[in-house]
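Below: the structure, in structure tokens.
Every number in this text was worked out from the coordinates using simple rules, so none of it is lab data. Treat the numbers as computed from the prediction; the structure is a model and nothing was measured. Every residue, glycine as well, gets a Cβ built from its backbone with ideal geometry; the counts of neighbours run over all protein chains shown.
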Amino acid sequence: MVKILNTNSRNLFLLLLGSILYNCNIYAQILKDDKLSLIKQVYAGTQLRIDGYYYLMDKSSNTIIATYLFYNNGILLHGGGWPYSNQFEGLNNNFCSEIWSKVIKEYKDNWGLFAIEGNKIVFERWYPSSGGPYPAYIRSGEILNDTTFIITQSMRSNGKEVSEENEVYHFKQFSPKPDSTNNFVK
């Protein structure tokens, strides 16, 4: 049989519940995702080809560990990696998959912005978090030619957590690229 709370117990329960909900709202306001600091701008240059994707190969395992797709509207899509033997075929199939296209639209950490000025490239995107807000990182480097760039630095958008990098990205032509429409970068 269910015992009904007396008035004092019920009031205490409601007070505790209200306090918990109030504190959760405060924490939600404090723990906000980083804002992107780059400004969205159209890319009409020729420094980098954008009719495909760029990939980062892990030299020790000879697997693709990261891919980026750049769009002429200034949006960047992190396409993930493919640590399996049929790397380019697997990535290409992923990029064409309706399921994959739906999944990438749901996660903020797939999206960001990029800018190119002269032979310099900079891009910023959100990164996964273990239960907290999404941190944003700015990665910058140098364009070596229209199919290769090197990322030399990574920095949290708030100016903290700076690290030196040495990541060489190579181009792979691919069409049709996934749509850049998303709910996170407008």
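Highest mean first, how do 32-42, 156-166 rank when packing is the count of other Cβ atoms within 10 Å averaged over residues? Intermediate values should be presented prior to the final figure.
Numbers: 32-42: 13.3, 156-166: 11.2.
Descending packing order for the listed peptides: 32-42, 156-166.
Which pairs break 31 Å Cα to Cα here: K59/K186; K32/K172; K35/K120; K35/K59? Don't skip to the answer; put the middle values down first.
Values: K59/K186 35 Å; K32/K172 36 Å; K35/K120 22 Å; K35/K59 33 Å.
Among K59/K186; K32/K172; K35/K120; K35/K59, the Cα-Cα distance tops 31 Å for K59/K186; K32/K172; K35/K59.
Net charge near L36: determine it from the other residues with C-beta under 14 Å of the C-beta of L36, scoring Lys and Arg +1 and Asp and Glu -1. Before the final figure, lay out each step's value.
Details: positive: K32, K35, K40, K108, R125, R139, R156, K186; negative: D33, D34, D109, E124.
With Lys, Arg at +1 and Asp, Glu at -1, the neighbours total +4.
Using +1 on the beta carbon of Lys and Arg, -1 on that of Asp and Glu, and nothing else charged, what's the dipole of the range 52-173 about the Cα centre, debye to 20?
220 debye
State the three equivalent ellipsoid semi-axes of the range 52-173, derived from the C-alpha gyration tensor as the square roots of 5 times its eigenvalues, in descending order and whole Å. Please report the intermediate quantities before stating the final value.
On the way: eigenvalues 91, 70, 44 Å².
Equivalent ellipsoid of the range 52-173: 21, 19, 15 Å, largest first.
Please give me the summed charge of the neighbours of P83: other residues whose Cβ is under 15 Å from its Cβ, Lys and Arg +1, Asp and Glu -1. Write down the numbers at each step before the final one.
Values: positive: K59; negative: D58, E89.
Net charge in that neighbourhood comes out at -1.
Determine, for each peptide in 126-132, 70-76, the mean count of other beta carbons within 10 angstrom over its residues, then list the peptides with the highest first. Could you put the intermediate results ahead of the total?
Values: 126-132: 11.6, 70-76: 18.3.
In decreasing order of mean packing, 126-132, 70-76 become 70-76, 126-132.
With label points built 7 Å along Cα→Cβ from the Cα atoms of L56 and E161, find their separation and express it in nm.
For L56 paired with E161, the spin-label model returns 1.4 nm.
Taking R0 as 25 Å, what's the FRET efficiency between N119 and V168 from their Cβ-Cβ distance, rounded to 0.05?
Working: r = 15 Å, r/R0 = 0.59.
Rounded to the nearest 0.05, the efficiency is 0.95.
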